[in-house]
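Report on one structure; see the data block that follows.
The values are calculated or read from the model by the stated rules, or taken from the named source; none is laboratory data. Note that the structure is a prediction, hence the values are computed from the model and not measured. Neighbour counts are summed over all protein chains in view; Cβ atoms, including those assigned to glycine, are modelled from backbone coordinates with ideal geometry.
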Amino acid sequence: MFARSKFFLTFIVAMSLMLGACQGTSQAGKEVSVDGGSYRVVSVQELQTMLESKDFVMVNVHIPWQGDIPQTDLRLAYDQIGENLDQLPPEKDAKILVYCLTSGMAKKAIATLLAEGYTNLWMLDGGTTVWEEAGLSLEGKP
C-alpha cells in the first residue's frame with residue numbers, strides 16, 4: 001500500500017513540474033478579452049524583459065504628461081489616439097504597448113485601437129505608478 005501511495009505522490013509531483021515548465025514558456029502577459037477583441041496585460045518585470053529585445057512600439061497615453069518609461073516611442077493622449085493613427089504603424093498586427101499612470105487611460109486607448117482594427121495590443125498593468133513603486137525611474141519627469 002505504501003509503495004503505491006509513494007508512486008502516486010511521485011507521479012503527481014512530476015506532472016506538476018512538467019505543467020509548470022510548460023507554463024513558463026508561454027507568451028508574456030495575461031490575455032484580457034473585451035468588446036471588440038483582446039489585449040495582453042504585462043507586469044513591470046515582464047515589460048523589463050520585453051525591453052531587453054524590444055520589438056514593439058511603446059506609447060505613453062497619459063495626460064497630463066508626467067514622464068516616460070525608458071524606450072517610450074510616442075506620447076499620444078488617450079482621448080486623441082484615434083485622430084493620431086498616422087503616428088502608429090500602419091500594419092494592424094503591429095505590436096503596440098500602451099501605458100498611463102494607473103491603466104485607466106490605457107484601457108480607453110486600447111478600446112479605441114481595437115475599434116480601429118489593431119490586433120496585437122499590450123498594456124502595462126498599473127502603469128507608471130507600479131513602475132516607480134518597483135524602484136524604476138521615469139525619463140523627463142517634471
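Some observations on this one:
- Restricted to strands (runs of 3 or more DSSP E) entirely inside region 11-110, no element has at least 3 residues that are more than 21 Å from GLY127 (Cβ to Cβ), in contact with a Phe, Trp or Tyr (Cβ under 6 Å, 6 or more places away or on another chain) and modelled with pLDDT under 95.
- Qualifying residues in region 126-142 (those that are of a type in the set (A, V, I, L, M) and outside any helix (DSSP H, G or I)) - the one farthest from PHE56 (Cα to Cα): ALA134
- Which listed residue is under 15 Å from MET58 (Cα atoms) and buried (at least 22 other Cβ atoms within 10 Å of the Cβ), from MET105, MET123: MET123
- Cβ-Cβ under 8 Å pairs, at least 6 apart or on other chains, region 92-110 side aromatic (Phe, Trp, Tyr), far side assigned to a strand (DSSP E or B) and at pLDDT 95 or above: TYR99/MET58; TYR99/VAL59; TYR99/ASN60; TYR99/MET123; TYR99/LEU124
- Scan region 31-44 for residues that are farther than 20 Å from ALA115 by Cα and either β-branched (Val, Ile, Thr) or without any contact (Cβ under 8 Å) to a residue 60 or more places away in the chain (or both) and the total you get is 2.
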